[in-house]
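Novice: Quick one: this structure, given as structure tokens, is what I'll be asking you about.
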Amino acid sequence: MNVGIIGSGGRENSICFALSKSDKVDKIFCMPGNGGTEIISKNLIIDINNFQEIKKAVEKNNIDLLIVGPEKPLVDGIVDFFENSSVKVFGPNMAASQLEGSKIFTKNLCQKYNIPTANFGIFGNAIESKKFIDNSSFPIVIKADGLASGKGVYISENKHEAYIAVDEIFNGKFGQAKNILIEEFLVGEEMSYFIVTDGESIKAFETAQDHKRVNEGDKGQNTGGMGAYSPSRLINKSLENKIINKIINPTLKGLKDMDIEYKGFLYAGLMIKNEEPYLIEYNVRMGDPECQTILPKLETDLMEIFLSCFEKKLNKINIQWNEKKSLSIVLCSKGYPNEYKTKLIIENIEKIITDQNNFCFHAGTIFKDNKIFAVGGRVLNFISMANSFSEARQNIIKNIDILNWKSGFYRKDIGHKVIDE
Ligand code: AMP
Ligand code: GLY
């Protein structure tokens, strides 16, 4: 079968790599892909927000299956767009993607089905929002409703900061805002819990913890993710049962009651407090860099998992993982998440050590004239699996030192909660 992968990050490079090992896959096309996917598959330079363009590429290249990496095409209805065509699209449809596309949709679902989450209020204008803030304690969390590339969440330490957040959201910083979400600040430790589902049964798809802040010690600006490790140090059977029974199953039931079927990956962003899970947010896709951290642990053919979902036979397969600890560190261009230079050459890339435990997945790179250039903020993902997180991190740092890319930076403390310094 020919597969198309939509997206251009480290997540998509790791999916492409996993599929390239499957004997069920003939050709892989990445739309638009990156320097790493260009080497192991064929990149098609198209606008992934233009579904007609994707359709043309699907027809021209006889693509049988599309795997959607990022949320935007899902929230915009790519699954619905291809519904009556011969290509199968892996992921939730537009209605189901509201779990990520509208934080208010998800909060209302939580309320109706008693899903543990932060207490919240929904407000339709700045005056009402500020009146509520006047009577609140701090910190308080203020969120824009729709997709905001991870930027529409404010954690406000006082009334002044909270007022600014409200004004920015209602003044359209994240698109026209009809409503705003104000939430209680949850204290605890965050973890990411993943499942895959064919609409009937669900299977756990590993856990991870990521580091979103740009600086060591989890300080500084939020980013797309500077590194992650899997499995999470928090997970155990009892917690997993609570996550499934109190959060995942009621969510899927809530959708079913609305006649909405959820298919694809589902990523629950959780806060764990006193061994109890609270839902912070849903994402309707795999995480980045969690995906590239988790997939190397997968021992089952990823293509088989996708195919079993289309055939609604997910319950028939056994998804197997190795027991190793996997860690990823993201090498970024200096300046990220603010301005950074682009089209910078990355030399020495051929010297990086990759084997069955060590990987380098590309994110913001292009392959041109037989050379790799950095074109994005998050540039390369280094992953290592080992018997301990400490060993995995050492392997990665060795590799980053070999690369010795002067225009980049990375966090040396990824996994600090699971590594004794
Ligand atoms: P979100 O985009 O909803 O994942 O929010 C981004 C980040 O803000 C999360 O990963 C959390 O670190 C933090 N956050 C969001 N909501 C809350 C909350 N209610 N309490 C504490 N932290 C939160
Ligand atoms: N690493 C966070 C995310 O993918 O949303």
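Coordinate-derived values only; no laboratory data. Since this is a predicted model, take the numbers as computed values, not measurements. Quick reminder, even Gly has a Cβ in these numbers, built from the backbone with ideal geometry, and neighbours come from all protein chains shown.
Novice: So which of Lys42/Lys297; Lys263/Lys312; Lys237/Lys273; Lys103/Lys151; Lys56/Lys256 end up more than 21 Å apart, counting from Cα to Cα? Could the numbers behind the result be given before it?
Specialist: Numbers: Lys42/Lys297 25 Å; Lys263/Lys312 10 Å; Lys237/Lys273 16 Å; Lys103/Lys151 13 Å; Lys56/Lys256 33 Å.
Cα-Cα > 21 Å for Lys42/Lys297; Lys56/Lys256; rest within.
Novice: With springs connecting C-alpha atoms under 10 Å apart, model the chain as a Gaussian network and identify which of Met286, Met31, Met258 has the largest mean-square fluctuation.
Specialist: In the Gaussian network model the winner is Met258.
Novice: Between Met94 and Ile345, with labels modelled 7 Å along Cα→Cβ, what's the label distance in nm to one decimal, could you check?
Specialist: The answer from the label model is 4.7 nm.
Novice: If you don't mind, there's one more thing I want to ask. Can you tell me the convex hull volume per residue for the stretch 1-146, based on C-alpha atoms, in Å³ to the nearest whole number?
Specialist: Roughly 162 Å³ of hull volume per residue.
Novice: Could you give the length gained on full extension between Glu189 and Asp257, defined as 0.36 nm per residue of separation minus the Cα-Cα distance, in nm? Each step should come with its number before you reach the end.
Specialist: Values: separation 68, 0.36 × 68 = 24.48 nm, distance 3.16 nm.
Value of the extension gain: 21.3 nm.
Novice: Checking the cross-link filter: which aspartates and glutamates have an alpha carbon closer than 15 Å to that of Lys246, excluding same-chain neighbours under 8 positions apart?
Specialist: Counting by Cα, and skipping residues close in sequence, Lys246 has these aspartates and glutamates nearby: Glu275, Glu276, Glu281.
Novice: Which one, Glu83, Glu281, Glu339, has the greatest fluctuation when you compute a Gaussian network model over the chain with C-alpha springs under 10 angstrom?
Specialist: Glu339
Novice: Does the chain come out rounded, prolate or oblate, given a ≥ b ≥ c as the square roots of the eigenvalues of its C-alpha gyration tensor, rounded meaning a/c under 1.5 and, failing that, prolate meaning a/b above b/c?
Specialist: Working: a/c = 1.42, a/b = 1.21, b/c = 1.18.
It is rounded, given that a/c, with a ≥ b ≥ c, falls under 1.5.
Novice: Of Asp369, Asp288, Asp198, which is the most mobile in a GNM of the chain whose springs link Cα atoms less than 10 angstrom apart?
Specialist: Asp369
Novice: In terms of the Cα gyration tensor, with a ≥ b ≥ c the square roots of its eigenvalues, is the stretch 243-291 rounded because a/c is under 1.5, prolate because a/b exceeds b/c, or oblate?
Specialist: Cα axes put the stretch 243-291 in the oblate bin.
Novice: Among Asn135, Phe120, Phe17, which residue has its Cα positioned farthest towards the positive end of the charge dipole of the stretch 16-163, with +1 placed on the Cβ of Lys and Arg, -1 on the Cβ of Asp and Glu, and the dipole taken about the Cα centre?
Specialist: So the residue we want is Asn135.
Novice: Select from Phe361, Asn322, Gly264 the residue farthest towards the positive end of the dipole of the chain; place +1 on Cβ of Lys and Arg, -1 on Cβ of Asp and Glu, and compute about the Cα centre.
Specialist: Farthest along the dipole direction, towards plus: Phe361.
Novice: Per-residue ellipticity at 222 nm for the chain, helices alone: DSSP H runs ≥ 4 residues times -39500 (n - 2.57), over residue total, nearest 500 deg cm²/dmol?
Specialist: Numbers: 14 runs with 115 residues, N = 421.
Value at 222 nm, helices only, nearest 500: -7500 deg cm²/dmol.
Novice: Could you give the dipole magnitude of the stretch 263-421 about its Cα centre, charging the beta-carbon of Lys and Arg +1 and that of Asp and Glu -1, in debye to the nearest 20? The partial results should precede the final answer.
Specialist: On the way: 22 positive and 20 negative charges, 92 e Å.
Charge dipole, the stretch 263-421, about its Cα centre: 440 debye, nearest 20.
Novice: Can I ask one more? Classify the stretch 216-300 as rounded, prolate or oblate, taking a ≥ b ≥ c as the square roots of the eigenvalues of its Cα gyration tensor: rounded when a/c is under 1.5, otherwise prolate if a/b is larger than b/c and oblate if not.
Specialist: Working: a/c = 1.60, a/b = 1.43, b/c = 1.12.
Cα axes put the stretch 216-300 in the prolate bin.
Novice: Quick one: check the C-alpha center-to-center distance for the stretch 254-289 versus the stretch 95-129, whole angstrom.
Specialist: 13
Novice: Let me ask something else. Listing His416, His211, His160 from the residue with the fewest other Cβ atoms within 10 Å to the one with the most, what is the order? It would help to have the intermediate numbers written out before the result.
Specialist: Numbers: His416 17, His211 24, His160 9.
So the ranking, lowest neighbour count to highest, is His160, His416, His211.
Novice: Quote to one decimal, in nm, the extra length available between Lys417 and Asp369 on full extension: 0.36 nm per residue of separation minus the C-alpha distance between them.
Specialist: Numbers: separation 48, 0.36 × 48 = 17.28 nm, distance 4.19 nm.
Here the answer is 13.1 nm.
Novice: In addition: Fewest to most neighbouring Cβ within 10 Å: what's the order for Phe310, Phe29?
Specialist: Details: Phe310 14, Phe29 25.
In order of increasing Cβ crowding within 10 Å: Phe310, Phe29.
Novice: May I pose another question? Cut-off is 10 Å between beta-carbons; in what order do Asp420, Asp167 appear when sorted fewest neighbours first? Intermediate values should be presented prior to the final figure.
Specialist: Details: Asp420 7, Asp167 13.
Least to most surrounded, the residues fall as Asp420, Asp167.
Novice: Here's something else I'd like to know. Evaluate E = 1/(1 + (r/R0)^6) for Lys130 and Ile317, where r is the Cβ-Cβ distance and R0 equals 51 Å; express this FRET efficiency to the nearest 0.05.
Specialist: Numbers: r = 52 Å, r/R0 = 1.03.
Plugging the Cβ-Cβ distance into 1/(1 + (r/R0)^6) gives 0.45.
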